[in-house]
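Single-structure report; data block below.
The values are calculated or read from the model by the stated rules, or taken from the named source; none is laboratory data. All values derive from a computational prediction rather than experimental measurement. With ideal geometry, Cβ positions are generated from the backbone for all residues, glycine too; neighbour counts draw on all protein chains shown.
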Amino acid sequence: MTRNEETATDQTHEVVVVGGGPGGMTTALYTTRLNHDTALVDRGGGRAAMMLDTHNVIGVTEENSGNEFLQTAREQLEYYGTELYRDTVTNIERTGEASPRFAVETGEQTLYTDAVMLSTGFNDIRPEPPLPRTGRGLHWCLHCDAYMFRDESVYVMGHDEGAAHVAMIMLNFTDDVDLLLREEEPAWSEETDELLRAHPIDVVETEIDGMFRDDDDPSWLGGFEFEDGTTREYRGGFAMYGSDYNADLADGLGCERNDDGTITVDEDGQTSVEGVYAVGDLTPGNNQIPIAMGEGAEAGIGIHKSLRTYPKPLDELSTDTEPETEQASAASADD
């Protein structure tokens, strides 16, 4: 059941998942089905919820929005018995006890648990407006959406190494690619600059002054107007300004971070703090739903192995006494 503020009380669970993205919910599915008392705390929103259409998830067709995809996942978790909380986690502390090891504080209660999964993701850093609607001309994920722009006019917005390389990669899909600097000085290397200039990409330095809609479908971008008085038509494009990782909880627990801001994890998704795991956009690698789901599955199995009771080590099992005859066999003494 989903708890609300009227019924909320402090609870103890074996696993608490923080964040309701695809990676975290997959972990919750696995730990719940592996017979661990699991709770998921989700404040709502996130990058997956922004999707107008679901791409690259086999078995899920594009007419499913991100919200519909996530709602189906929540219903699956509820069916198997995951405790769902619509709430925001404000702090996580170690209890100092052997079990439960962590206190997860929310706006309404404190959840105690032996294992914490962080699936808090990141926020894409948005450029200044004017900007088209996300999913209708403004896009964040090349691997998700580049397919949509085959043989179309495309922009890439940004001024760093990532923007330069995404612009060159988009030439695999279309021969009409512009890189919009918006009066920012390029921050890429001389080597990248030489490589970029050798590709058929138009680097536009001037700032955007306005935008216009597509005549056939006004929900989509038609193009941009620039301060020098020129206009350029685009079907859509990608904003490349980096990511703001939602890592305050991880930092508070002392989890190590990588140079790019992601959380350091091992093959099971465990961070540098024992009992604390992270998956999805918060961790290194491509930011894709199927990848996050795979990480969530691996982490769920890893958490299960760390928490399960059996098989016990031999030295914890009693071998001092022989079982009584009637307990040892159902056969009679005459057989």
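Restricting attention to segment 94-143, report how many residues are farther than 15 Å from V273 by Cβ, of a type outside the set (A, V, I, L, M), over 20 Å from the mean Cα position of the chain (by Cα) and crowded, with 22+ Cβ neighbours inside 10 Å.
2
When you go through E93, E75 one by one, which is the residue that is farther than 30 Å from H139 by Cβ, at pLDDT 95 or above and of a type in the set (D, E)?
E93
Looking at this structure, is D251 in the same structural domain as D151 (by TED's automatic domain parsing) and either of a type in the set (A, V, I, L, M, F, W, C) or without any contact (Cβ under 8 Å) to a residue 24 or more places away in the chain (or both)?
no
Which condition from (1) closer than 14 Å to G23 by Cα; (2) without any contact (Cβ under 8 Å) to a residue 40 or more places away in the chain; (3) in contact with a strand residue (DSSP E or B) (Cβ under 7 Å, 6 or more places away or on another chain) is the one that F226 breaks?
With respect to (1) closer than 14 Å to G23 by Cα; (2) without any contact (Cβ under 8 Å) to a residue 40 or more places away in the chain; (3) in contact with a strand residue (DSSP E or B) (Cβ under 7 Å, 6 or more places away or on another chain), F226 is out only on (1).
In the same structural domain as G66 (by TED's automatic domain parsing), over 27 Å from I125 (Cβ atoms) and among the hydrophobic types (A, V, I, L, M, F, W, C): which single residue out of A292, A278, A297 fits that description?
So the residue among A292, A278, A297 that is in the same structural domain as G66 (by TED's automatic domain parsing), over 27 Å from I125 (Cβ atoms) and among the hydrophobic types (A, V, I, L, M, F, W, C) is A297.
Can you name the residue in segment 70-93 that is in a helix (DSSP H, G or I) and touching a residue at least 24 places away in the same chain (Cβ under 8 Å) and, of all such residues, is nearest to the chain's Cα centre (by Cα)?
Residue satisfying both the conditions and the ranking: L70.
For segment 114-206, list the strands (runs of 3 or more DSSP E) that sit wholly inside it and hold at least 3 residues that are closer than 14 Å to R235 by Cα and in contact with a Leu (Cβ under 7 Å, 6 or more places away or on another chain); which are they?
In segment 114-206, the matching strands (runs of 3 or more DSSP E) lie at 154-157.
A quick yes/no check of all residues on (1) touching a residue at least 24 places away in the same chain (Cβ under 8 Å); (2) of a type outside the set (S, T, N, Q); (3) over 17 Å from E227 (Cα atoms); (4) assigned by TED's automatic domain parsing to the domain that holds T54:
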{"residue": "M148", "(1), (2), (3), (4)": "yes, yes, yes, no"}
{"residue": "S153", "(1), (2), (3), (4)": "yes, no, yes, no"}
{"residue": "H159", "(1), (2), (3), (4)": "yes, yes, yes, no"}
{"residue": "L180", "(1), (2), (3), (4)": "yes, yes, no, no"}
{"residue": "A187", "(1), (2), (3), (4)": "yes, yes, yes, no"}
{"residue": "V204", "(1), (2), (3), (4)": "yes, yes, no, no"}
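Buried (at least 21 other Cβ atoms within 10 Å of the Cβ) and polar (S, T, N, Q): does that describe T283?
Considered against the rule, which asks whether it is buried (at least 21 other Cβ atoms within 10 Å of the Cβ) and polar (S, T, N, Q), T283 comes out as yes.
Listed here are the residues, each with its yes/no results for (1) surrounded by fewer than 18 Cβ atoms within 10 Å (Cβ to Cβ); (2) of a type in the set (G, A, S); (3) closer than 10 Å to V156 by Cβ.
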residue: M170; (1), (2), (3): no, no, yes
residue: D175; (1), (2), (3): yes, no, no
residue: A187; (1), (2), (3): yes, yes, no
residue: E191; (1), (2), (3): yes, no, no
residue: A198; (1), (2), (3): yes, yes, no
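Going through segment 1-57 one residue at a time, which ones are more than 18 Å from T106 (Cα to Cα), among the basic types (K, R) and at pLDDT below 95?
R47
Looking at segment 73-93, which of the residues that are β-branched (V, I, T) and more than 17 Å from Y30 (Cβ to Cβ) is surrounded by the fewest Cβ atoms within 10 Å (Cβ to Cβ)?
So, considering only residues that are β-branched (V, I, T) and more than 17 Å from Y30 (Cβ to Cβ), the one surrounded by the fewest Cβ atoms within 10 Å (Cβ to Cβ) is T90.
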